[in-house]
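Peer 1: My questions all concern the structure below.
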Amino acid sequence: MTGVIDQIGGMLAQAGYPAPMSVLTLSHYLFVSAAMFTLGMVGFLTRRNLIIMFLCTEMMFQAAGIALIAASRFWLNHTGQSFVIFVLTVAAAEAAMALALVVLLFRKRESLSAEEWAEMKG
């Protein structure tokens, strides 16, 4: 077992630093991320229900997060993982605003169809 030995004879935590991911593993994560983003985009563009559109947007946020974390882990750099925290914060704020808007729109017309809200009077 290789590693840095401290004064007492135990292993330091930094000695077991994980090895970089292989290219094959990174490509798997990026494929899953691209597939999730594509499904989210197709769902957002084809569905007219506001809640489904909202969920597809969240799916795209999660796909971007997976890609950032996979790349960050591959390059052994924590910048991508830190950036995901900000992406999740924006997603949480977007979720709160979108759900409040959906509830407001449902109370006005009792429908969640985006087509009914295409022409809003100002």
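Peer 1: Of 39, 76, 68, which residue is exposed (fewer than 13 other Cβ atoms within 10 Å of the Cβ), without any contact (Cβ under 8 Å) to a residue 60 or more places away in the chain and of a type in the set (A, V, I, L, M)?
Peer 2: 76
Peer 1: Please specify each residue of segment 79-122 satisfying the condition of being outside any helix (DSSP H, G or I) and either of a type in the set (Asp, Glu) or in contact (Cβ under 8 Å) with a residue 60 or more places away in the chain (or both).
Peer 2: Within segment 79-122, 110, 112, 113, 119 meet the criteria.
Peer 1: Considering only segment 103-114, I want to know if a residue exists there that is touching a helix residue (DSSP H, G or I) at 6+ places or on another chain (Cβ under 8 Å) and loosely packed, with under 11 Cβ neighbours inside 10 Å.
Peer 2: So far as segment 103-114 goes, yes, one or more of its residues are touching a helix residue (DSSP H, G or I) at 6+ places or on another chain (Cβ under 8 Å) and loosely packed, with under 11 Cβ neighbours inside 10 Å.
The numbers here are math on the coordinates, done by the rules we state, and not lab data. In this text the structure is predicted, and so the values were computed from the model without any measurement. A quick note on method: Cβ atoms are made from the backbone with ideal geometry, for glycine too, and the neighbour counts reach across all protein chains shown.
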